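Here is the structure we will look at.
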Amino acid sequence: MNRTELILATAIILFVAFALGWFASWLVNRFTRVTRADIGELDRMAQALHEAEETRDQAITYMQQREADMTNQLAQTEAELRAAMEGLRDARQEAAELRQRHEQD
């Protein structure tokens, strides 16, 4: 193989390598490129996610407030029930005492 054939073979090999590299780069770009429409959609999705997170936070705050209110109301109702039961017990004792007095008279 003389010098000209070596140069020609090297040039062909380099050209083929360049063509394969360019083709591979084109394929990667084709499948991974992000268009303006994609960026716009990503922005809309990010905004929707942000709004959903805010709504979730508001719902959590509302539920915590509601739970505190209901716990408060339950405590008040239980206190009222205890007071009513105590009053009923006192009334029964008083009624029993009155019956005993009435039966003794």
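Structure notes:
Rundown of residues vs (1) hydrophobic (A, V, I, L, M, F, W, C); (2) within 45 Å of the chain's Cα centre (by Cα); (3) part of a helix (DSSP H, G or I), yes/no style:
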{"position": "Trp22", "(1), (2), (3)": "yes, yes, yes"}
{"position": "Leu27", "(1), (2), (3)": "yes, yes, yes"}
{"position": "Arg44", "(1), (2), (3)": "no, yes, yes"}
{"position": "Asp57", "(1), (2), (3)": "no, yes, yes"}
{"position": "Met63", "(1), (2), (3)": "yes, yes, yes"}
{"position": "Glu67", "(1), (2), (3)": "no, yes, yes"}
{"position": "Leu74", "(1), (2), (3)": "yes, yes, yes"}
{"position": "Ala84", "(1), (2), (3)": "yes, yes, yes"}
{"position": "Ala91", "(1), (2), (3)": "yes, no, yes"}
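- Residues that are exposed (fewer than 10 other Cβ atoms within 10 Å of the Cβ), without any contact (Cβ under 8 Å) to a residue 24 or more places away in the chain and of a type in the set (Gly, Ala, Ser) do occur in region 34-44.
No lab work stands behind these numbers, since they all come straight from the coordinates. Just so we're clear, the structure is a prediction, and the values are computed from it rather than from any experiment. Every residue, glycine as well, gets a Cβ built from its backbone with ideal geometry; the counts of neighbours run over all protein chains shown.
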